[in-house]
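Visitor: Handing you this structure, nothing more for now.
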């Protein structure tokens, strides 16, 4: 808990890391300046891109005592303003799941190898990033907690599968080996409450450690304070649940 | 969610961006989250010139209702031109 008499310092910067297939990618990395061992968290940006909200949120986690890293999943698609790069990636059908899993896993390993790591790393994502957070934690060992915020297309129909997204993430549920916190809005169109129920039932069926919260007053993306979907009460409660969950799991 | 609903077509045209005019050869139309417009979902049109380093782009975000009006307006304009004997 932060108090006004505390010293607070933070380093936040762009760094280069190895991603999927050892490709060099860049990442935004923020960490508190202190002498304690700290937990880590990987932030997976949403389809709209590696944008300012993700930089702010990376610093938010550092403010709360985490070494936080947000890899640029669109590094291979060129450089420019984030929305221009996101438009290019959208036109190409999004980043391939396999590549995202590789990039996120390498970011997790980067955090675990830090001399001041406490050895625990969570993964966080919103929207498509929420989907990728769950998908990665199911496919790779080494994550200690997952925070999935309104992950769309965790439950996919056969018709929605393609070369870049060949498997519906919910089909990997059995492989998940860490606790998961899920935050969703009852008015969301993807994931719909029915899809969240399917997701939850799979977790229950496989005896997974999960905590799902459905906000009645919210739709999709209710943390985004500059969008009409913003819901202050759900946002405030959601952040409290996230930090409570992380404190218990990391 | 990000719908990933996108339609692409080849077009011939020019647009003016922050660095002046350029020719474009493709239009991508998506029904997805806007970047700037205060809507959950909008019709987003990207006029694209593919270049080696990065694409040049003119981006437009419309409410679905506005997109329908624009279609109607373009159709009217094309018809009037055609009626005047212009090639379309």
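Visitor: Looking only at the range A:128-145, filter to residues that are more than 12 Å from the chain's Cα centre (by Cα) and more than 18 Å from residue A:67 (Cα to Cα); which one of those is surrounded by the fewest Cβ atoms within 10 Å (Cβ to Cβ)?
Guide: A:141
Visitor: Continuing with the same structure: Looking at (1) at the interface with chain A (Cβ under 10 Å from one of its Cβ atoms); (2) out of contact with any strand residue (DSSP E or B) (no Cβ under 6 Å at 6 or more places or on another chain); (3) under 30 Å from residue A:150 (Cβ atoms), which is the only condition residue B:3 fails?
Guide: Evaluating residue B:3 over (1) at the interface with chain A (Cβ under 10 Å from one of its Cβ atoms); (2) out of contact with any strand residue (DSSP E or B) (no Cβ under 6 Å at 6 or more places or on another chain); (3) under 30 Å from residue A:150 (Cβ atoms) leaves (2) as the failure.
Visitor: Let me ask something else about it. Considering each residue of the range A:109-127, count those that are buried (at least 24 other Cβ atoms within 10 Å of the Cβ) and in contact with a helix residue (DSSP H, G or I) (Cβ under 9 Å, 6 or more places away or on another chain), and give that number.
Guide: Taking the range A:109-127 first, the residues buried (at least 24 other Cβ atoms within 10 Å of the Cβ) are A:111, A:121-127.
Remaining after also requiring in contact with a helix residue (DSSP H, G or I) (Cβ under 9 Å, 6 or more places away or on another chain): A:121-126.
Of the residues in that region, 6 qualify.
Visitor: Is it the case that residue B:71 is surrounded by 10 or more Cβ atoms within 10 Å (Cβ to Cβ) and more than 10 Å from chain A (Cβ to nearest Cβ)? Working first, answer last.
Guide: Working: surrounded by 10 or more Cβ atoms within 10 Å (Cβ to Cβ): yes; more than 10 Å from chain A (Cβ to nearest Cβ): yes.
Judged against the criteria, residue B:71 is a match.
Visitor: Taking residue A:12 and the conditions (1) outside any strand (DSSP E or B); (2) touching a helix residue (DSSP H, G or I) at 6+ places or on another chain (Cβ under 7 Å); (3) surrounded by fewer than 23 Cβ atoms within 10 Å (Cβ to Cβ); (4) away from chain B (no Cβ under 14 Å), which numbered condition does it fall short on, given that it satisfies the others?
Guide: It is condition (1) that residue A:12 fails.
Visitor: Can you tell me which residue in the range B:14-43 is modelled with the lowest pLDDT, limited to those that are part of a strand (DSSP E or B) and in contact with a helix residue (DSSP H, G or I) (Cβ under 8 Å, 6 or more places away or on another chain)? Even if it seems obvious, please write down each step before you answer.
Guide: Going residue by residue through the range B:14-43, those that are part of a strand (DSSP E or B) are B:14-17, B:20-32, B:42-43.
Now narrow it down to the ones that are in contact with a helix residue (DSSP H, G or I) (Cβ under 8 Å, 6 or more places away or on another chain): B:28, B:30-32, B:42-43.
Working: B:28: 95, B:30: 95, B:31: 95, B:32: 91, B:42: 95, B:43: 97.
Here the residue is B:32.
Visitor: Right, next: Looking at the structure I just gave you, is residue B:86 touching a strand residue (DSSP E or B) at 6+ places or on another chain (Cβ under 6 Å), part of a loop (DSSP other than H, G, I, E, B) and either modelled with pLDDT under 95 or over 24 Å from residue A:96 (Cα atoms) (or both)? Show your work before the answer.
Guide: On the way: touching a strand residue (DSSP E or B) at 6+ places or on another chain (Cβ under 6 Å): no; part of a loop (DSSP other than H, G, I, E, B): yes; either modelled with pLDDT under 95 or over 24 Å from residue A:96 (Cα atoms) (or both): yes.
No.
Visitor: Just checking, how many residues over the range A:146-186 are within 14 Å of chain B (Cβ to nearest Cβ), under 25 Å from residue A:239 (Cα atoms) and surrounded by fewer than 17 Cβ atoms within 10 Å (Cβ to Cβ)?
Guide: Selection size over the range A:146-186: 0.
Visitor: Is there a residue in the range A:51-68 that is in contact with a helix residue (DSSP H, G or I) (Cβ under 8 Å, 6 or more places away or on another chain), within 25 Å of residue A:162 (Cβ to Cβ), surrounded by fewer than 20 Cβ atoms within 10 Å (Cβ to Cβ) and in contact (Cβ under 8 Å) with a residue 40 or more places away in the chain?
Guide: For the range A:51-68, residues in contact with a helix residue (DSSP H, G or I) (Cβ under 8 Å, 6 or more places away or on another chain), within 25 Å of residue A:162 (Cβ to Cβ), surrounded by fewer than 20 Cβ atoms within 10 Å (Cβ to Cβ) and in contact (Cβ under 8 Å) with a residue 40 or more places away in the chain: absent.
Visitor: Do we find a residue being modelled with pLDDT of 90 or more, within 11 Å of chain A (Cβ to nearest Cβ) and closer than 30 Å to residue A:183 by Cα anywhere in the range B:44-65?
Guide: yes
The values are calculated or read from the model by the stated rules, or taken from the named source; none is laboratory data. What you are looking at is a predicted structure, and each value in this text was computed from that prediction instead of being measured. Because the Cβ atoms are built from the backbone with ideal geometry, glycine has one as well, and the counts that use them run over all protein chains shown.
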